[in-house]
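Let me begin by presenting the structure, written as structure tokens, before commenting on it.
The values are calculated or read from the model by the stated rules, or taken from the named source; none is laboratory data. Computed from a predicted model, the values in this text were never measured in an experiment. Neighbour counts run over all protein chains shown; Cβ positions are idealised from the backbone, glycine included. Surface areas here come from the heavy atoms of the whole protein model, side chains and all, with no ligands, DNA or RNA. Shrake-Rupley method; radii C 1.70, N 1.55, O 1.52, S 1.80 Å.
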Amino acid sequence: MEAVPARARGYVACVALLALLCVLPLPTIRTPWWALGLLSALYAACEHAVRRRFGGTFYPVLLAGAFLLPPPAAALVPLPAALLSPAGQRPAAPRRVWRAAQPALAVWGAARVHWALGGRDAVVASDFPYALLPAGAAVLAFCLILTVLDGGIRAVALGVPLRRAWRGLLSRSLAPVAVHGLAGLMMAVLWRSPYGPVAALLVLLPMCVSWWVFAQYHRERAAHQATIRALVQAVDIKDGYTRGHSERVGQASVMIARELGMDDDRVETLRFAGILHDVGKLGVPTRLLRKDGPLTPEERRIIELHPEYGHEMVRGISFLGEARAAILHHHERLDGSGYPYGLVGSQIPECARVVAVADAFDAMTSTRSYRRARPVAAAVAELERCAGAQFDPRMVDALGRALGRYGWHPTVTSEDTGTPYESQGRAPVIGAPR
């Protein structure tokens, strides 16, 4: 149990106790044991196949149990799958208990809501469209319970701050679980029809196809992310004195985006934008990136092509979306003196304005071979001084607020001894391409 914190073990024990309380009335109610056994076996088989092939969770059978069985019986449907599936990581016992107790509570809550709204009679009578109302309420209850429990385990086991532990969980789960709920309702209606459980199994065929398509999408996304990691590593190797800079710019971009209240998809996009903002340096001669001493005007013009090089490199990665615009325009300035196109004010894409602030902040707060890192307060003060001319004041304010909440811990980004032109007598340029 050493790998699981004590408070997490206590949390899992409390959830398990609640699940046990949910099934205690089972001896006092009329339970169709054959249906419970069949649904449990079917869920265990589907869960094993889905986890092994696609790496997800399969809810239609669970929700069909909520629509067909009394709540205490429905809570038992996930039990065989949790006990028989591999634990994955050690210790196995608390992980198996969690895998059994969490869905048990969720399906129990869904069944209670469904029965309270007359869903059982609607399923038996195939009363459409009324049957959709209790089923929809049950799916919402199912998602809410999963969200509450997942956020709690993130807070106690992973140490996620409370204000962030539940963020985005409900919005991300509602749509896919609603689709699973519709499939579960179809299973329940067919189960109660003259054709019986065999007809209900036919509903699983299109769901399996959809899971295959979903898995293909995620494999493609994983391949793109592997490509992104390789590109970032190549930049770090080529421009060694900024090693680690890209990841930190991604982190700072995420902090700004969350402070601005952007949705999770845009936050993820800005993370990619920050990580990849300097990928175009792969197209810049290494001798210029590592040159000791000042750059000539011609050399500077060559380095200033790196945003365009980066945009060309990633333009074929479709899921990056507006991150490509951030890569192209993160050196633009509000007063129009930036590059590559000299855009002014709101002409600069919002994502690029976010990455510009994150880039400059990390450049100032990172220790380099030629200077020590500035304190965070001094870096923020410099950003505020340049807000309105170089940086978007909204982005600067958002970063300041985020830093006030979470802090920032810059690290050494280089072991090299190259000295870029800022240390050779020129005035510092915030966010310079070097």
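Observations
- Scan of segment 222-233 for residues that are open to solvent by 50 Å² or more (accessible area, probe 1.4 Å) and touching a helix residue (DSSP H, G or I) at 6+ places or on another chain (Cβ under 7 Å), ordered by number: none
- In the set (1) part of a loop (DSSP other than H, G, I, E, B); (2) touching a Lys or Arg at 6+ places or on another chain (Cβ under 6 Å), the condition left unmet by residue 156 is number (1).
- Restricting the first member to segment 388-401 and to residues that are more than 12 Å from residue 361 (Cβ to Cβ), and the second to residues that are open to solvent by 10 Å² or more (accessible area, probe 1.4 Å) and assigned to a helix (DSSP H, G or I), the beta-carbon pairs closer than 7 Å and six or more apart or on different chains are 392/353; 401/259.
- Subset tally (residues that are touching a residue at least 60 places away in the same chain (Cβ under 8 Å), open to solvent by 40 Å² or more (accessible area, probe 1.4 Å) and farther than 25 Å from residue 12 by Cβ) for segment 78-129: 2
- Search result, residues across segment 188-200 that are under 18 Å from residue 59 (Cα atoms) and either modelled with pLDDT of 85 or more or exposed (fewer than 15 other Cβ atoms within 10 Å of the Cβ) (or both): 188, 189, 190, 191
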